[in-house]
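Structure below; questions to follow.
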Amino acid sequence: MTTYDYIIVGGGSAGSVQANRLSARSSNQVLLLEAGIDTPHNQVPEEILDSYPGKVYFNPKFIWNGLRVHIGPQSHNNPSVRPLSKQYEQARVMGGGSSINGQLANRGAPTDYDEWSERGADGWSWDACLPYFKKVERDLDFQDNWHGVEGRIPVRRIFADQWPGYVHGIAKALEEQGFDYIEDQNGAFRDGYFPVTMSNLYDRRVSAAIGYLDPATRQRKNLRIEAEMQVTEILFQGTKAIGVVAIQRNQEYTFKANEVILCSGAIHSPTMLLRAGIGPAGHLHDMGIDVRIALSGVGQNLMEHAAAAMSAWIQPDARLNDLTRRHLHIGWRYSSNMHSAPAGDMFAAVVAKSAWHAVGDRLGSMLAWVNKTYSTGQLTLSSADWRDEPTVEFNMLSDARDLERLMDCYRRVVLIFLSDAMRAVTRDPFPSAYSERVRKVGTVTTKNK
């Protein structure tokens, strides 16, 4: 049996990069395992390549269909009853989230990175990470100290001359509220509105898999890529991981390695650790799992961005034009100046097409969220069986600082939609939400495709 130098579990954004970088040294034997389908050159599904992500994001072929999460806060008065669960679109495909998401090439807030560094994460300050942001990208619009020009992921923006009337209406409303136009979202970090930066070339998605697992990389003799192969167990010798057990098309395989790297995302990486006996001792005992290493933080401090949306019917001449398939043109970043939150703690995206179907063509939306969150949740096992998804509790808006800032944000969004600039291009604004009913209508099936 071949013993690999590295086994990478998960071919998402992190796993694709790891496979490329580790196999660049010819002496390394690297195995990449992905539970979803592969996306090699000339075989990338059209839904993934499409600049408009609505069909791929809602397509059951590319997500973990059994994964449901609890969104809202846990009631202190009734702790035994969890909030209702809902489907959570977590990617299951080569490239991971970068193959189904909105292709937004957002960089995190500098204050977040500096906070991690202050807490002891050496090498994770903003100044330390900026060179790697630049290394990733090939910026097609700017060549300066903020940007890279030789990376594997092309990034670009859609400027005002190609915006539909709906987007111009929101831009005008934001200017009337005193917000500046910023040409470059990923330049100096400050408040304003801007063309969103996207990982997209010639109106086509460029995922991490497309960028990092290109034909030349795939031809490396020291790199083996296996798709539709789900890891069921991490093998150990004492406390050292020495391999994995995986299933592909009902056939079980065992692979050995000197090092196992988990790149399975914020949901499934901690799930694998817990099933391997690495995590809070009490929870592992409850699940009947022997404790290999007691680590209380595994599955804890889970975060997600609480969001709220408003939509309106777009006048026919202000709808998405034929210049691009993109539906996201501008973003809005601002500082709430509440609860000592850092600068730029709030964000909103302007959506010129709210769904892939005919109704969505007519609806424009604005999705606003708390970019710097204080609410935390947790992930625990529902059973020790690898087939069962974990119990995920985001506990969003459990911290009053998040709730109050989102409420303030929504008032601002309402004022935008009630402005004269928006009245000229839309009608009948209303609060909107990604409900189960909306999800079912938007899911791509044989009935509504």
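The values are calculated or read from the model by the stated rules, or taken from the named source; none is laboratory data. This one's a predicted model, so the numbers in the text were calculated from it and none came from an experiment. Every residue, glycine as well, gets a Cβ built from its backbone with ideal geometry; the counts of neighbours run over all protein chains shown.
Under the condition of being modelled with pLDDT under 95 and either among the charged types (D, E, K, R) or closer than 17 Å to Glu228 by Cβ (or both), which residue from segment 67-106 is nearest to the chain's Cα centre (by Cα)?
Glu89
Looking for whichever is closer than 16 Å to Ala208 by Cα and not polar (S, T, N, Q) here; the options are Phe58, Phe62. Which one fits?
Answer to the check: Phe62.
Looking only at segment 369-376, decide whether some residue is among the hydroxyl-bearing types (Ser, Thr, Tyr), under 21 Å from Pro73 (Cα atoms) and in contact with a Pro (Cβ under 8 Å, 6 or more places away or on another chain).
Checked segment 369-376: at least one residue is among the hydroxyl-bearing types (Ser, Thr, Tyr), under 21 Å from Pro73 (Cα atoms) and in contact with a Pro (Cβ under 8 Å, 6 or more places away or on another chain).
Right, another one. Quick check on Val444: is it closer than 30 Å to Ala318 by Cβ, assigned to a loop (DSSP other than H, G, I, E, B) and within 25 Å of the chain's Cα centre (by Cα)?
On the way: closer than 30 Å to Ala318 by Cβ: yes; assigned to a loop (DSSP other than H, G, I, E, B): yes; within 25 Å of the chain's Cα centre (by Cα): yes.
When the stated conditions are applied, Val444 passes them.
Of the residues Tyr113, Tyr132, which single one is within 18 Å of Asp345 (Cβ to Cβ) and out of contact with any Pro (no Cβ under 7 Å at 6 or more places or on another chain)?
Numbers: Tyr132 fails: within 18 Å of Asp345 (Cβ to Cβ).
Sole residue among the options that is within 18 Å of Asp345 (Cβ to Cβ) and out of contact with any Pro (no Cβ under 7 Å at 6 or more places or on another chain): Tyr113.
Just for strands (runs of 3 or more DSSP E) wholly inside segment 331-426: which have at least 2 residues that are among the aliphatic types (A, V, I, L, M) and either within 29 Å of Pro195 (Cα to Cα) or modelled with pLDDT of 95 or more (or both)?
Fully inside segment 331-426 and qualifying: 346-351, 363-370.
Is there a residue in segment 309-318 that is buried (at least 22 other Cβ atoms within 10 Å of the Cβ) and under 18 Å from the mean Cα position of the chain (by Cα)?
no
Listed residues Ile48, Ile71; which is over 23 Å from Gly331 (Cα atoms) and either surrounded by 17 or more Cβ atoms within 10 Å (Cβ to Cβ) or not aliphatic (A, V, I, L, M) (or both)?
Ile71
Quick check: is even one residue across segment 141-155 within 27 Å of Pro316 (Cα to Cα) and either of a type in the set (A, V, I, L, M, F, W, C) or within 23 Å of the chain's Cα centre (by Cα) (or both)?
No, because not a single residue in segment 141-155 is within 27 Å of Pro316 (Cα to Cα) and either of a type in the set (A, V, I, L, M, F, W, C) or within 23 Å of the chain's Cα centre (by Cα) (or both).
Helices (runs of 4 or more DSSP H) wholly in segment 159-270 with at least 3 residues that are in contact with a helix residue (DSSP H, G or I) (Cβ under 8 Å, 6 or more places away or on another chain) and either loosely packed, with under 15 Cβ neighbours inside 10 Å or not aromatic (Phe, Trp, Tyr) (or both) - which ones? Spell out how you get there, then give the answer.
Details: elements: 165-176, 208-212, 215-218.
In segment 159-270, the matching helices (runs of 4 or more DSSP H) lie at 165-176, 208-212.
Something else about it: In segment 278-288, how many are buried (at least 19 other Cβ atoms within 10 Å of the Cβ) and touching a residue at least 12 places away in the same chain (Cβ under 8 Å)?
Count: 3.
Provide a single number: the residues in segment 377-420 that are of a type in the set (Val, Ile, Thr), under 30 Å from Ala312 (Cα atoms) and surrounded by 19 or more Cβ atoms within 10 Å (Cβ to Cβ).
2
Out of (1) modelled with pLDDT under 95; (2) farther than 18 Å from Gly442 by Cβ, the odd one out for Ser26 is which?
The one condition Ser26 does not meet is (1).
Tell me, please, whether a residue that is within 27 Å of Lys55 (Cα to Cα) and either out of contact with any strand residue (DSSP E or B) (no Cβ under 6 Å at 6 or more places or on another chain) or crowded, with 16+ Cβ neighbours inside 10 Å (or both) can be found in segment 114-137. Before the answer, list the steps.
Here is the first cut: in segment 114-137, the residues within 27 Å of Lys55 (Cα to Cα) are 136-137.
From what's left, either out of contact with any strand residue (DSSP E or B) (no Cβ under 6 Å at 6 or more places or on another chain) or crowded, with 16+ Cβ neighbours inside 10 Å (or both): 136-137.
Scanning segment 114-137 turns up at least one residue that is within 27 Å of Lys55 (Cα to Cα) and either out of contact with any strand residue (DSSP E or B) (no Cβ under 6 Å at 6 or more places or on another chain) or crowded, with 16+ Cβ neighbours inside 10 Å (or both).
Moving to a separate point now. Any residue at all in segment 346-363 that is under 30 Å from Thr271 (Cβ atoms) and in contact (Cβ under 8 Å) with a residue 24 or more places away in the chain?
Within segment 346-363, one or more residues are under 30 Å from Thr271 (Cβ atoms) and in contact (Cβ under 8 Å) with a residue 24 or more places away in the chain.
Any idea how many residues of segment 112-139 are within 22 Å of the chain's Cα centre (by Cα), among the acidic types (Asp, Glu) and closer than 23 Å to Ser199 by Cα?
3
I've got another one for you. Given Asp408, Asp399, which one is free of Cβ contacts under 8 Å to residues at least 60 places away in the same chain and in contact with a Ser or Thr (Cβ under 7 Å, 6 or more places away or on another chain)?
After applying the criteria, what remains is Asp399.
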